[in-house]
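What follows is a short report on a single structure.
What follows draws every value from the coordinates through simple rules; no lab data is involved. What you see is a predicted model, and the numbers here were worked out from it, not measured in a lab. So basically every Cβ, Gly included, is an ideal-geometry build from the backbone, and we count neighbours across all protein chains shown.
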Amino acid sequence: MADKNYLDSDGVLYLWQKIKAKITDAIKNKVDKVDGKGLSTNDYTTAEKTKLAGIVDGANKYVHPTSSGNKHIPSGGSSGQILRWSADGTAVWGEDNNTTYKDFGFATNTVDGTRGLVPAPQAKDHSGLTMLSDTGWREIEIFNADLKNGGAGIALGRRDGDATLIDVYTELDVATTSRNGVMSKDDKIKLDNLPSATALSNMYAKKSDITGVYKYRGSVATEDKLPTSGQTTGDVYDIVAASSYGAAGMNVAWNGKAWDALGEKFQISAITNTWMDTNLT
């Protein structure tokens, strides 16, 4: 049997003293509660107290520096004025008196052009106009050109009336069966010598002219197998069996309204000597 112990009055007194000592030790560093205030998780340290005490009165009043590069736009000014340099880091309001620009300077064979305003085009149809460096707005044309070597080409040029002032020629190769190009004079002669559409219509039959030609379409076993729709004038069929159109092998053609008998198959055999002996007596 296990031993059991009990606590007498002296033991109870000793236990109570131990409990009070623990409680006293636990609460000796407590902070008394003040109405309207609560505890914070942040501890206010001595270092923070020293730092706060070192801030002078008015330390939170910011003063913007006035040195070069830190100055604000000055007050004042009026419509049309701009800020002009006055001193290092300082600007003042002033009139915008530098708004006149020179016109665009055209180039010549010996003098370079200059920067400037583009001249305004005249009141007219401006389609095809191009700004040129020597004379301003001009009309650029693309026209045919005969090259000196006998080839063909196109010219990009500026014209003043009938006179071509500048030209840029590009020679074009003659077309072949495998490459695009321009038509040679020989091909042009052949093309011109071809008969006209009117002449061709009188020389050759059109498709509409030969719609009535017989076209063999095949055979049918009996006449009830002949097509009843979709046939065209000139369609021909062979009827294998005897029919209302004739004996077996009769050919019929569609005349646009009905099937018309053309002819039937027949066999030609040589007259035998026996037949002649019997019938030619």
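Direction-averaged projected area, Cα convex hull, segment 216-263: 2.8 nm², rounded to one decimal.
Charge dipole (Cα centre; +1 on Lys/Arg Cβ, -1 on Asp/Glu Cβ; no other charges) of segment 216-263 amounts to roughly 60 debye. Using the structure shown, select from K225/K257; K207/K257; K185/K206; K49/K71 the pairs with a Cα to Cα distance greater than 25 angstrom. Checking Cα-Cα distances, K185/K206; K49/K71 exceed 25 Å. Here A221 and A197 are evaluated by their C-beta separation; at R0 = 51 Å the FRET efficiency comes out at 0.60. For D187 and Y14, the difference between the fully extended length at 0.36 nm per residue and the C-alpha to C-alpha distance is 48.7 nm.
Label 7 Å along Cα→Cβ of T272; segment 230-263 residues with amide nitrogen under 19 Å? In segment 230-263, the label zone of T272 (backbone N under 19 Å from the point 7 Å along Cα→Cβ) covers no residue. With the biggest extent put first, the Cα atoms of segment 175-268 measure 67, 34, 30 Å across the principal axes.
Across q = 0.25 Å⁻¹, segment 32-109 modelled as identical point scatterers on its alpha-carbon atoms has Debye log10 I(q)/I(0) values of -1.18, in the order of the q list.
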